[in-house]
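Just so you know, all these numbers are worked out from the coordinates, no wet-lab data involved. Small disclaimer: the values here were computed from a predicted structure and weren't measured. Cβ placement follows ideal geometry from the backbone for every residue including glycine, while neighbour counts extend to all protein chains displayed.
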Amino acid sequence: MVGEIADEGSEIMWVGMLQKVLRVIPLIFVSCWNSVVAEEPQRETIQVTVVAGSVGGSFYVMNAAMFDIFSKNIEGLTYSIVPGGSISNPIAINQGDAQCGFSFTNDLGSAVQGQEPYSSPLADIRAVANVGFEARLHVFVDEDLGISSMEELKMVRPELKVDTGPRGTGSELAAKRALDLHGYSYSEIRNEGGRVIHSQFREMVDRMKDGHLNALMYNDLMGAPLFSDLVSSRDVKLLSLSRDVIDRLHSEFGYTPGVIPGGTYRGQLEDVHTVKRQTIFLCHKDMPEVVIHQMAKLIFLNKEDLQSAIRAFNIRAEQVAENSPIPMHPGAERFYREVGIIK
């Protein structure tokens with residue numbers, strides 16, 4: 001009897017100890033799990049604001065294509081694309097309001113020197129890649145204006161309703177300079193009862209198709225879809241810049257003489273002489289080296305896919321790290337050295 005009581009007591013004691021152990025085990029497990037989670041490195045989110053160009057223009061479409069690739073291959077990268085322009089994009093990036101974007105070579109040259117339209121040098125912008133996009137200034141006028149050359153503007157002084165694109169863009173500045181040098185400035189157009197409007201690319205084309213404009217001036221890809229849409233919807237003429245104005249735009253502002261070959265657009269039988277410039281993908285100097293290295297690599301390794309998707313891209317090994325007036329970002333430079341593009 002006593003032995004049975006003793007055995008029963010031992011059993012009760014053993015069960016009690018087992019219950020205590022079972023209560024402790026989950027605590028030990030949770031503690032160990034928390035330690036493992038705490039030691040696991042946190043995935044860093046990289047939020048990038050990208051300044052593009054006019055909605056519907058090549059800058060906007062090209063940025064969307066590139067950052068679609070970046071976001072799928074760079075862990076933690078999120079982005080938003082906002083409208084901008086070749087003039088304003090370097091300013092936004094330099095002051096940290098954006099981290100990446102496009103600009104034209106001649107505008108970047110002015111930016112790093114603090115030349116007009118910049119009030120001081122921009123020291124915090126860096127090049128990532130020359131994407132090979134050459135934009136040409138297009139001057140379309142309605143056939144009903146009866147104007148066959150830019151030189152006639154000063155002589156005829158028509159009541160021009162012209163859209164030169166959003167203010168703060170390289171396109172608008174090129175248009176303004178071309179009008180000034182041809183002797184029919186913004187103020188003179190208004191004095192003759194005309195109007196100067198500043199719209200997004202798609203909006204300006206729609207306005208001219210609807211007859212609300214009789215001229216537009218815009219800097220974009222030769223054969224851009226919106227230009228082709230315009231010439232198929234309305235009788236318009238594409239005007240050449242005068243040789244003297246082209247020479248002055250080159251010598252004074254860094255534009256390159258360019259040609260829009262005859263037959264590029266419906267009804268355009270002869271070559272049209274204008275100016276062009278190349279496009280640099282740039283970033284802020286403080287962007288992480290590893291991220292810019294990956295971006296440069298992805299641009300180069302996916303160049304055929306980008307070019308197939310968007311004709312504006314013309315990425316070539318011999319020029320992807322060339323023709324930039326601003327310093328190269330260390331991450332991009334490291335990649336180009338790795339593949340032998342930079343020796």
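Can you give me the C-alpha center-to-center distance between the range 204-274 and the range 113-144, rounded to a whole angstrom?
That distance is 17 Å.
Within 10 Å of each candidate Cβ there may be at most 14 other Cβ atoms; applying that plus a DSSP loop requirement, which GluC sites (Glu not before Pro) in the range 192-288 survive?
Passing both the DSSP loop test and the Cβ count: Glu192, Glu270.
With springs connecting C-alpha atoms under 10 Å apart, model the chain as a Gaussian network and identify which of Gly57, Gly96, Gly193 has the largest mean-square fluctuation.
Taking springs between Cα atoms under 10 Å, the residue moving most is Gly193.
Over the chain, what relative contact order in percent results from Cα pairs under 8 Å that are six or more residues apart?
22 percent
With a ≥ b ≥ c the root eigenvalues of the C-alpha gyration tensor of the range 102-219, is it rounded (a/c under 1.5), prolate (a/b larger than b/c) or oblate?
prolate
May I ask you to sort Phe67, Phe201 by Cβ crowding, counting other Cβ atoms within 10 Å and putting the fewest first?
If I rank by nearby Cβ atoms, fewest first, I get Phe67, Phe201.
How far is helix 58-73 tilted off the main Cα axis of the chain, in degrees rounded to 10, range 0 to 90?
With both axes taken from Cα atoms, the answer is about 20 degrees.
As a test, work out the antiparallel percent of DSSP beta bridges whose residues both lie in the chain, rounded to the nearest 5.
Counting only bridges with both partners in the chain, antiparallel ones make up about 65 percent.
Kirkwood Rh and Cα-based Rg: tell me the resulting Rg over Rh for the range 135-276, rounded to two decimals.
Taking Rh as the inverse mean 1/r over Cα pairs, Rg/Rh reads 0.92.
Students often forget the sequence filter, so: which lysines lie under 27 Å Cα-Cα from Lys209 once same-chain residues fewer than 8 apart are removed?
Candidates past the 8-residue exclusion: Lys154, Lys161, Lys176, Lys237, Lys276.
Test of understanding: ordering Leu160, Leu181 by Cβ neighbours within 10 Å, fewest first, what list do you get?
In order of increasing Cβ crowding within 10 Å: Leu181, Leu160.
Which FRET efficiency, nearest 0.05, do Ser71 and Asp210 yield, Cβ-Cβ r, R0 35 Å?
Efficiency computed from Cβ-Cβ geometry: 0.40.
Restricting things to alpha carbons, find the Rg to Rh ratio for the chain using the Kirkwood radius for Rh.
Working: Rg = 30.2 Å, Rh = 23.0 Å.
Taking Rg over the Kirkwood Rh, I get 1.32.
Please rank Lys209, Lys343, Lys276, Lys154, fewest neighbouring Cβ atoms within 10 Å first, as an exposure proxy.
Lys343, Lys154, Lys209, Lys276
Quick one: among Glu143, Glu318, Glu304, which has the greatest mean-square fluctuation in a GNM of the chain with alpha-carbon springs under 10 angstrom?
It is Glu318.
Just the Kirkwood number for the range 229-287, please: inverse of mean 1/r across all distinct Cα pairs, in Å, one decimal.
Values: mean 1/r = 0.0727 Å⁻¹.
Hydrodynamic radius (Kirkwood, Cα pairs) of the range 229-287 is 13.7 Å.
By how many degrees, between 0 and 90 and to the nearest 10, does the Cα long axis of helix 243-253 differ from the longest principal axis of the chain?
Taking Cα atoms only, the helix is inclined about 40 degrees.
Can you tell me the orientation of helix 289-301 relative to the chain, as the angle in degrees between its alpha-carbon axis and the longest Cα principal axis, to the nearest 10?
60 degrees
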